[in-house]
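Report on the structure given below.
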Amino acid sequence: MSFTGFVVLGALLALFLYVIMIYNNLVRLKNNVSQSWANIDVLLKQRHDELPKLVETCKQYMQHERGVLEKVTQARAAVGSAREHGDVASLGAAEAQLRKGLIGLYAVAENYPDLKANESFQNLQQRISQLESQIADRREYYNDTVNANNVRIETFPDGMIARAFNFGARPLLAFEAGELKDVNVKELFNN
């Protein structure tokens with residue numbers, strides 16, 4: 001084989017190895033997105049399991065506040081449905097409703113000193129607040145990994161490899177416009 005043949009063969013081998021490297025990086029990104037979604041899913045499941053306990057504790061005290069409790073229960077069901085179906089778009093909207101319902105529940109609880117003093121209520125409220133904070137952190141990480149994935153599959157030369165092997169863009173877990181506004185606590189107390 002001539003020198004030119006070795007050079008061409010070496011160049012083809014280098015190109016082949018480069019394609020493999022890009023492919024492996026795309027697989028890693030795809031799996032990071034899936035893992036970050038699974039991390040959110042774990043926390044949503046934990047919160048999903050805690051909310052009925054909170055609602056049941058509140059029911060014992062809030063005989064006249066059924067509407068607030070029903071909103072939390074309905075929002076919990078919507079989050080559970082979106083979570084089970086992996087529907088990122090619906091999850092964002094359902095999460096907004098659930099947060100609004102929990103804020104309303106905590107605001108109404110202010111009118112029930114015995115409930116606020118109840119150790120079970122305090123523990124559940126603290127646990128759910130911790131889960132909310134962890135979910136927010138995981139949402140941010142999920143969006144970071146989705147963004148890295150989406151940028152990578154749209155750039156050259158990675159985009160060519162991504163299209164050849166059907167790597168697709170993933171949706172961001174977006175906030176509703178209402179979630180970005182400050183909460184009007186005074187309005188919540190007047191409900």
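The values are calculated or read from the model by the stated rules, or taken from the named source; none is laboratory data. Note that the structure is a prediction, hence the values are computed from the model and not measured. Positions of Cβ are generated from backbone atoms using ideal geometry, with glycine treated the same way; all protein chains shown enter the neighbour counts.
What to note about this one:
- Consider the stretch 155-191 and keep the residues that are among the acidic types (Asp, Glu) and surrounded by 12 or more Cβ atoms within 10 Å (Cβ to Cβ). The one that is modelled with the highest pLDDT is Asp158.
- Here is the figure for the stretch 124-159: residues that are aliphatic (A, V, I, L, M) and either in contact with a strand residue (DSSP E or B) (Cβ under 8 Å, 6 or more places away or on another chain) or under 25 Å from Tyr106 (Cα atoms) (or both) total 5.
- Of the helices (runs of 4 or more DSSP H) lying entirely inside the stretch 58-147, those containing at least 2 residues that are under 27 Å from Arg170 (Cβ atoms) and either more than 12 Å from the chain's Cα centre (by Cα) or in contact (Cβ under 8 Å) with a residue 40 or more places away in the chain (or both) are 66-85, 88-109.
- Scanning the stretch 91-128 for residues that are surrounded by 15 or more Cβ atoms within 10 Å (Cβ to Cβ), of a type in the set (Ser, Thr, Tyr) and either modelled with pLDDT of 85 or more or under 14 Å from Leu54 (Cα atoms) (or both) yields one hit, Tyr106.
- Pairs are defined by a Cβ separation below 8 Å, a sequence spacing of at least 6 or placement on different chains, a first member in the stretch 1-29 that is within 30 Å of Asn147 (Cβ to Cβ) and of a type in the set (D, E, K, R), and a second member that is outside any helix (DSSP H, G or I) and modelled with pLDDT of 90 or more; no pair meets this definition.
For every residue, the table says whether it meets (1) under 30 Å from Phe165 (Cβ atoms); (2) among the small types (Gly, Ala, Ser).
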residue	(1), (2)
Asp49	no, no
Glu56	no, no
Ser90	yes, yes
Asn118	no, no
Ser129	no, yes
Ile135	no, no
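- Top-ranked residue in the stretch 30-47 [being of a type in the set (Lys, Arg) and touching a residue at least 40 places away in the same chain (Cβ under 8 Å); ranked as farthest from Glu154 (Cα to Cα)]: Arg47
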